[in-house]
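Notes follow once the structure below has been shown.
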Amino acid sequence: MHNAASWVWVLIPLAAIFAGTVRRWFRLKELELERMSFRVADQSAQSAAETERLKQRVAVLERILTDRSTQLGDEIERLRDKPIN
């Protein structure tokens, strides 16, 4: 019986050390996930901006293909002189 009681005094500090290590490991994983979410959010914002630019360009191309007025010809000539973003 004396042998089992002495093991309890050894296991309690070991359990505390193990719990602290596990807690630090989970905190590191949490920080890693936060950094990853910021990167994904940034990439998402960039993709959304690029999609919006492409939609605007497609809208202009659709107007060019469907509108045959003389005003469109004048507008195309003005756009040729305008610098591209």
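Just so you know, all these numbers are worked out from the coordinates, no wet-lab data involved. Everything numeric here is computed off the predicted structure, so don't read it as measured data. Backbone-built Cβ (ideal geometry, glycine too); neighbour counts: all protein chains shown.
Here the condition is being surrounded by 10 or more Cβ atoms within 10 Å (Cβ to Cβ) and part of a helix (DSSP H, G or I); of Val10, Val58, it holds for Val58 alone.
Scanning segment 24-59 for residues being aliphatic (A, V, I, L, M) and closer than 30 Å to Ile76 by Cβ gives a total of 5.
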